[in-house]
Amino acid sequence: MSQDILNKVLLRAQIASKRTDFSDVLSSSVFPRLSAKDLSDSVLELGFEPPALYVAMLQSIGNGGFGPGYGLMGLVGGATDDQGQTAVDLYKCFAEGDPDELTWKWPQGLLPVCHWGCAIYSCIDCVSADALVKTWDPNAWEEGTSPEGAIHSTGMSLADWLENWANGVNLWEKMFPAL
């Protein structure tokens, strides 16, 4: 099943006009494949292993630059968001905490991998068995509260999320059905 998903994602990623959901706004390039060293460095920096499907995709297709939203962020050495951060960089930033926000505690293993704009990210719950995809929407977060109040499940596993994207499903509408 996962090889079928990877093949579908690869086919879409190869078409420049469909490489990301916003290819018409911002062109992107598929980054070189994730190397064993960059994977090892990523796991060391994160303190956990990303899901096998995510790693297989980055190793077989490229270390980000394609996928939902503005494209998947890569691990070490990979594609970045608009602020120049890889998924590893952003996770470390979120997990670091803030001395001025004592209630801030980013969930362990919640890896931001996809930027949608307006600081909204799709994240993989690397702790859940199905690698559930969750949405971090800081626009729904209130200072002085835990970020978990602004993190919502998409109801999809990583496999479902990627397959839906590869099949042309509008994931934004699935994340925010009322908008």
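Over the C-alpha atoms of the range 109-178, what are the Rg and the largest Cα-to-Cα span, Dmax, in Å?
12.0, 40
For the chain, what is the convex hull (Cα atoms) projected area averaged across all directions, in square nanometres?
Values: hull surface 39.0 nm².
For the Cα atoms of the chain, the hull's average projected area reads 9.7 nm².
Roughly how many percent of the accessible protein surface of the chain is carbon and sulfur, given a 1.4 Å probe and a whole-percent answer? Working shown, then result.
Working: 4570 of 8780 Å².
Carbon and sulfur together cover 52 percent of it.
For the range 86-179, which trypsin sites (Lys or Arg not before Pro) are in a loop by DSSP, counting at most 15 other Cβ atoms within 10 Å?
Working: sites: 92, 105, 134, 174; in loops: 105.
In loop regions of the range 86-179 (DSSP not H, G, I, E or B), the sparsely surrounded trypsin sites (Lys or Arg not before Pro) are 105.
Averaged per residue, what accessible surface does the range 52-174 expose to a 1.4 Å probe, in Å²?
That works out to 41 Å² for each residue.
Subtract the Cα-Cα distance of residue 11 and residue 148 from 0.36 nm times their separation in residues, and report this length gain in nm to one decimal. Can you show the working numbers first?
Details: separation 137, 0.36 × 137 = 49.32 nm, distance 3.48 nm.
Value of the extension gain: 45.8 nm.
Would you work out the charge dipole size for the chain about its Cα centre, treating the Cβ of every Lys and Arg as +1 and the Cβ of every Asp and Glu as -1, and quote it to the nearest 20 debye? It would help to have the intermediate numbers written out before the result.
Numbers: 10 positive and 23 negative charges, 164 e Å.
Dipole of the chain, to the nearest 20 debye: 780 debye.
Tell me, what is the FRET efficiency for residue 169 and residue 3 to the nearest 0.05, using R0 = 22 angstrom and their Cβ-Cβ distance as r?
So the FRET efficiency works out to roughly 0.65.
Suppose the Debye formula is applied to equal point scatterers at every Cα of the range 37-136; what is log10 I(q)/I(0) at q = 0.16 Å⁻¹?
Values, matching the q order: -0.62.
Of the residues 14, 83, 59, which exhibits the maximal mean-square fluctuation in a Gaussian network model of the chain defined by a 10 Å Cα contact cut-off?
Sorting by GNM fluctuation, first place goes to 83.
The values are calculated or read from the model by the stated rules, or taken from the named source; none is laboratory data. This one's a predicted model, so the numbers in the text were calculated from it and none came from an experiment. Counting neighbours? That spans all protein chains shown, and the Cβs are built from the backbone with ideal geometry, glycine included. Side chains are part of the model used for accessible areas, which takes the heavy atoms of the whole protein and leaves out ligands, DNA and RNA. Shrake-Rupley method; radii C 1.70, N 1.55, O 1.52, S 1.80 Å.
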